[in-house]
Amino acid sequence: MNTANSMTININSMHIQQALMHVGVVMTRLTTIGFTVSQVIIEPQVKPTFVVQSDKYCRSLIESGEAFCFSRGQDGKGNFKKYQFNCLNSRIIWEER
């Protein structure tokens, strides 16, 4: 059995079970809109965070004021800006370079 791309999630917590159901709904919505989700972050007592790939739809959200820059800086790869918007009570973020 190849486990290189597998993940085990313990769902003995009601919070985790509810979050996973919510993640499914948000993933469906984001995929329908046209986003490619690359990561989902679930933490206790915090809105789920979805990391999406930057594309032309992200640019339109910035231009319309629906998304905003919450971080900017520089690292070993150069300058970056991180943006976010909310969808179905979840935080959707991406990075532009």
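Against the condition closer than 27 Å to Ser60 by Cβ and of a type in the set (S, T, N, Q), how does Thr8 come out, does it pass? If you could, list the steps in order and put the result at the bottom.
On the way: closer than 27 Å to Ser60 by Cβ: no; of a type in the set (S, T, N, Q): yes.
When the stated conditions are applied, Thr8 does not pass them.
For the stretch 1-43, a tally of residues being at negative phi and touching a helix residue (DSSP H, G or I) at 6+ places or on another chain (Cβ under 8 Å) returns 8.
Do you know which residues across the stretch 34-47 are more than 17 Å from Asn10 (Cβ to Cβ) and part of a loop (DSSP other than H, G, I, E, B)? Scanning the stretch 34-47 gives Gly34, Phe35, Thr36, Gln45, Val46, Lys47. When each of Ser6, Ser54 is tested for being farther than 16 Å from Gln84 by Cα and either hydrophobic (A, V, I, L, M, F, W, C) or part of a loop (DSSP other than H, G, I, E, B) (or both), the lone residue that passes is Ser6. Residues in the stretch 1-42 that are of a type in the set (A, V, I, L, M), loosely packed, with under 10 Cβ neighbours inside 10 Å and in contact with a strand residue (DSSP E or B) (Cβ under 7 Å, 6 or more places away or on another chain): there are none. Criterion applied to Asn86, Asn79 was being part of a strand (DSSP E or B), surrounded by 11 or more Cβ atoms within 10 Å (Cβ to Cβ) and out of contact with any Lys or Arg (no Cβ under 6 Å at 6 or more places or on another chain), and the one residue passing it is Asn86. Yes or no: the stretch 43-63 includes at least one residue that is at pLDDT below 95, surrounded by 10 or more Cβ atoms within 10 Å (Cβ to Cβ) and under 13 Å from Met27 (Cα atoms). The answer is yes; a qualifying residue exists.
The values are calculated or read from the model by the stated rules, or taken from the named source; none is laboratory data. All values reported here derive from a predicted model rather than from experimental measurement. Reconstructed Cβ throughout: ideal geometry from the backbone, glycine too, with neighbour counts over all protein chains shown.
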